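Input: a single structure, listed below in structure tokens.
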Amino acid sequence: MLSLKNISKYYKAGNLKTSILNNINLDVDAGEFVSIMGPSGSGKSTLLNIIGMLDEPTDGYHYFLNQPIHQLKEKQRQALYKENIGFVFQAYHLIDELTVYENIETPLLYHNIKSDERKALVADMLDRFQIVGKKDLFPSQLSGGQQQLVGIARALIVSPKLLLADEPTGNLNSKQGDEIMELFKKLNKEEGMTIIQVTHSEKNAEYGSRIINLLDGTVESSKNV
Amino acid sequence: MLKNYIKIAWRNIVNKKLYSAINIIGLTVGLAVGLLILLWVQDETSYDKFNTKVDRIYKVNASIGTGASKQVWGGTPAPVAFHAAKEVPGVEAAVRVVGDMDYSKFRYKDKLLRRTATMKFVDDAFFTVFDYKLLKGDPKKPFPTDQSIILSVTEAKKYFGDTDPMGKVLRGDDKDPYTVSGVMADMPANSSIQADYLFSINVRKKQYNGKGMWKAMDEDWGDYWADTYLLLKANASPIAIADKLTRIHMSLQKGIKPTDGVFQLQPLADIHLYNPDLTSAGAEIVKIFSIVALLILLIACINYVNLSTARSVLRSKEVSVRKIIGAERKHLFFQFVFETALCFLIALVLAFGIIYAIMPLYNHIANKEMHFDLFSTSVWKVIGITTIITLAASSIYPAILLSSFKPIDALRSRASGVGSGNFRKVLVVCQFAFSIGLIIGTLVINRQLHYIQTTQVGYDRDHVFTVNLYNNMYPHQDAVKAELLRHREITGVAVGDNIVNGDSSTGDTDWDGKPATASMVIHPFSIDQDFIKVFKVKLIAGSNFTGEKSDTSHYILNETAIKEAGIKNPIGKRFKLWQRNGIIIGVVKDFHFASLKQVIEPAIFSYAEKSGQLFVKTTGKNAAAAINLVKQYHVQYNHGDPPFEYNFLDDDFNNLYKTEQSTSMLFSIFAGIAIFISCLGLFGLATYTAQVKVKEIGIRKVLGASVLNITTMLSKDFLLLIVISLLIASPIAWYAMDKWLESYVYRISVNWITIALAGVGAILIALITISFQSIKAALANPVKSLRSE
């Protein structure tokens, strides 16, 4: 599904070159659940953003669904992203002015999905995450765990092929975190959703099928669980 | 999708109450004032355009004299229309409109009403050339007989109520009978011709009895008393026609100088805004106000753009999230467009409310009867253009701005660097440059107005009031004068023409040693022997009238007249006014008998034993008593008909500057509003800055910065912008006001004090606006602001 070849990322400030990622090679197959770990500043978030096409590498080859991303134009890349990738953030990043229902519905609006279909899809999603009762609340009225559930629901509503999560439990207490991880595991096992997550927590990483350790922008180790 | 946009827009407006209030108030006031001004401009430029043939209708003006003493009169001799219609090719029809010979009251049966509306004598073609609506009667033959009268609906109702006026007889001044032959719709307020009573021009024609200097009306080339309108054939040349008319005049009036009575055609559409000599009679103010309206709208738009772009930075998180979940540029663009549109809609509704509410007051100040028509296309043109400009600036810019950054960066770093503040700074500078420009304009206009109203005009009009003697008191004026003078409340009495506004003039002058080619237009005042004393006009040579019989052949001239005529040692020299030869017995110092916009022109005093106008000088303390005394005589002689009326010359004098006064008042209001809206925007920006810098302020306070330090830090950037605005605005305003002042012969000059005053004023107002937020931010507890980060 995904293949990174010799991916590097560095910033130049005057004569100073700051390297963030250095010659990364990574292949992810459909149905995998990959956890990326590493200390702060090891480049794991940058790697995730490059995979998610929110950031561009300085060098290297990037293939996604057999398309050479590094050769695509911005517009094509966006289209590919829009159809196939869902994002979940540590800070949830829900839109404060919208209710739970509307937050989940918004991606469908941008995908030009008709009203009836939207209603059905959002209702399904609310059902599935058991947040029907919260649908008219605003994000500020929810607990962190609930907000993250909405964030995941919003990412999943357009049925992406790849779910990217940047420390999805970082702002949650351990009980809430466990629930989210269980949900990821279920998604991966039962629906075959490909998931790549960045995490600090050894325990959360264990939920995945493979753990990749980054250090100073290079892959230090990669082991299957 | 649409519903979603509107919903989000609405929630954004409701959630951010302060910003929304600033935005909407600014837009509302801007739109309301902008629309009100444009309404006024539209009214001013709409004059006479209701005539469908307006493109082909011209007014004939007459140029008299050459060089400095050249004048252009709006009236022509009556034969112009006669010959134009008869023998000038290209003229389809000619209409004369003449006032004068006023009946003061009309009687229908036992109903006797004082005439308060205008009466005019017109040619038969009146209703076919112009579009005035004849509701009853025949437009082709409006006056079946010379004793026909046409009334406006309003006047007809006064005499006849709901009964049909046609065929009924009105008696003018209780003697002359006129049969109603038509009823016309009231003339529109934006018509240059105004009349409620129309008579056939033949009534005037009959007043020529074959004796006297001019035998018949259509041969009288000497009196310029008819407003002459020509309807030209399509493609006829107005210049050629004017030339032809001049040639006819020269060939028919024997002994006329080739420079006296040269005709010019002025398009009907121009006569409201331009004088016969093509100088501005309001066109300039229309131009100025259009610019002011534009500036105010711009200031309001800038406000919105500034605040919404500033706020879009704070909203970068939301925008980023939307991008990540699939929003494209167009989605974000339309979201911003809808928000702006909704704000506009609210502002528009409020603006309409304001306009409706203050329309009566506005009409009062502007001295007009305007109606705000929600369904007029021009109103919507203004709204449309304003909306599109604001929408474009406040949607496209943030849309481009926000879609250009990488969403992931914005999410991480709170996007402090999105969009350069330079764009906003330029806009703030523009805004304040406009405002300061308007303030300078207001100051200069007010100073000039003060100057012309306090300048010594060369005569003393203090505590002088005037009354009309009317027919019954007129013969007894010597007795009345003598008796009034016996009272100590009255310090002087005179009769004559009004000295404040000498608007009549004649070119019919001759004097010893007059070169063959010379001509002099002179303003005649007929006065009695007390006039010069009462008004303290300074006699610099010769003597005053004495009141003896011989005075009828004596003249007193002003300095300018003597200079222009080139008379050396004038006392005792011959001077001829109209057809009356006399000698010059005195010379007075120049005095202003017109607006200070005009240079002093030649003037002449001739002696009249009796005159219709009485002037009474009193003192401030005794004014009421003096008025009462005069009233007693009025009641005694005129028996309360017409009712007693008086007016102080000070009011007449102020009337000369009525336009200037209402202009200056409106200008002050507009400048105030401009600065208000600008400050509203500044307030919003200061709030925003304080919000963005909340962390920096917190850190500085922890490090020991005082409230004053913080306030200075937050204020100084803004103040710098105001100073830059001042530097940009002052030379432009200086230049513009210098140009405006050029229309006054007697004027102040723009000086540094005015500019400094405007600058200090603007800075002070801005400082107060900013410091309100700055101090609040500086006083905030740093622990709070740092913790929340």
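Okay, here's what the table says:
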quantity: With 20 Å bins from 0: P(r) over chain B, alpha-carbon pairs, percent; calculated: 13, 35, 30, 16, 5, 0
quantity: For chain A, projected area of the alpha-carbon convex hull averaged over all directions, nm²; calculated: 13.0 nm²
quantity: Acute angle (nearest 10 degrees) that the helix B:329-366 long axis makes with the longest principal axis of chain B, alpha-carbon atoms; calculated: 30 degrees
quantity: Of the chymotrypsin sites (Phe, Trp or Tyr not before Pro) in the stretch B:335-392, those whose Cβ has at most 10 other Cβ within 10 Å and which sit in DSSP loop; calculated: B:F375
quantity: Total formal charge among the other residues, if their Cβ is under 15 angstrom from that of B:Q264, Lys/Arg +1 and Asp/Glu -1; calculated: -1
quantity: Sites matching trypsin sites (Lys or Arg not before Pro) across the stretch B:546-625 that sit in DSSP coil, with at most 11 neighbouring C-beta atoms within 10 Å; calculated: B:K568, B:K621
quantity: Number of Lys pairs (Cα under 28 Å; 8 or more positions apart or on different chains) in the stretch B:642-753; calculated: 5
quantity: Relative contact order (%) - chain B, alpha-carbon pairs under 8 angstrom, separation at least six; calculated: 15 percent
quantity: Crossing angle, helix A:100-110 versus chain A [Cα axis fit, 0-90 degrees, rounded to tens]; calculated: 60 degrees
quantity: Inter-label distance, nm, simple model (7 Å from Cα along the C-beta direction), B:N422/A:K119; calculated: 5.2 nm
quantity: Highest-fluctuation residue, A:G41, A:G208, A:G144 considered, GNM on chain A with Cα pairs under 10 Å; calculated: A:G41
quantity: Out-of-range pairs (alpha-carbon distance over 20 Å; input B:K211/B:K254; B:K49/B:K133; B:K59/B:K86; A:K114/B:K16); calculated: A:K114/B:K16
quantity: Label-to-label distance, nm, for residues given as B:K205 and A:L65 (7 Å Cα→Cβ offset); calculated: 9.4 nm
quantity: Top positive-direction residue, dipole computed over chain B with Cβ charges, set B:I25, B:G502, B:A185; calculated: B:I25
quantity: Inter-chain Cβ neighbour average for residues B:314-327, partner chain, 10 Å; calculated: 6
quantity: Length-normalised contact order for the stretch B:102-199 - Cα pairs under 8 Å, 6+ apart - percent; calculated: 39 percent
quantity: Proximal aspartates and glutamates relative to B:K140, as straight alpha-carbon distance under 16 Å, when same-chain residues fewer than 8 apart are discounted; calculated: B:E92, B:D123, B:D124, B:D131
quantity: Listed peptides B:491-500, A:190-199 by packing density, highest first (mean Cβ within 10 Å); calculated: B:491-500, A:190-199
quantity: Computed [θ] at 222 nm, deg cm²/dmol, chain B (DSSP H ≥ 4; -39,500 (n - 2.57); rounded to nearest 500); calculated: -16000 deg cm²/dmol
quantity: Within a Gaussian network of chain A (alpha carbon springs, distance under 10 Å), most fluctuating of A:G14, A:G151, A:G52; calculated: A:G14
quantity: Antiparallel bridges, percent of DSSP beta bridges restricted to the protein assembly as shown (to nearest 5); calculated: 70 percent
quantity: Other protein chain Cβ atoms within 10 Å, averaged over every residue that makes up A:103-109; calculated: 4
quantity: Computed [θ] at 222 nm, deg cm²/dmol, chain A (DSSP H ≥ 4; -39,500 (n - 2.57); rounded to nearest 500); calculated: -10500 deg cm²/dmol
quantity: Mean shadow area of the protein assembly as shown over all directions, Cα convex hull, nm²; calculated: 57.6 nm²
quantity: Neighbour cut-off at most 13 other Cβ (10 Å), DSSP loop, chymotrypsin sites (Phe, Trp or Tyr not before Pro), the stretch A:5-83; calculated: none
quantity: Kirkwood Rh in Å, taken over all unlike Cα pairs in the stretch B:91-224; calculated: 15.5 Å
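No value in this document is a laboratory result; all are computed from the given coordinates. Given the structure is predicted, the values throughout are model-derived calculations rather than measurements. For neighbour counting, all protein chains shown are included, and Cβ atoms are generated from backbone atoms with ideal geometry for every residue, glycine included.
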